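To start, the structure under review is shown below, and the notes come after it.
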Amino acid sequence: MSTSGLRPEQQTSDVEMRALLEKAVAALPEDFRTVFVLRAVEGMSGAEVAECLGIAEETVKTRLFRARRRLQEDARPEHRTLAALDLRVPLSRCDRVVAAVLHRIGGRQDSPERSG
């Protein structure tokens, strides 16, 4: 995502919000974080995540719900807009988190094709 068209204060705010979001996601329990990253960041479907992790699709839904709830609860009142972010937007430094998730699930490079 290009930030060249944004005012400097908006760019700074976006960077701060992304840092807060990254920290909050990193603090999630591993099971919640894994599902959250695969669903909200990588854009995988619930069925794809369930198959990838070897868990029921209902478990994926429950973990995603709980992860989002924790992110909302953990956001300080002055940063409540964190909960309103579109979490499908690529994050500036999410590669490290995604790499850790992929490593945890066996470093699978052959993930099923996802439709746009």
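The values are calculated or read from the model by the stated rules, or taken from the named source; none is laboratory data. What you see is a predicted model; the values in this text were computed from it and never measured. Ideal geometry is used to build each Cβ from the backbone, glycine not excepted, and the neighbour counts take in all protein chains shown.
The single condition among (1) among the polar types (S, T, N, Q); (2) at pLDDT below 95; (3) in contact with a helix residue (DSSP H, G or I) (Cβ under 9 Å, 6 or more places away or on another chain) that Thr59 does not meet is (2). As for the stretch 72-81, it holds at least one residue that is at pLDDT below 80, exposed (fewer than 14 other Cβ atoms within 10 Å of the Cβ) and part of a loop (DSSP other than H, G, I, E, B).
Here the stretch 1-57 is the region considered, the condition is being polar (S, T, N, Q) and part of a helix (DSSP H, G or I), and the residue that is surrounded by the most Cβ atoms within 10 Å (Cβ to Cβ) is Thr34.
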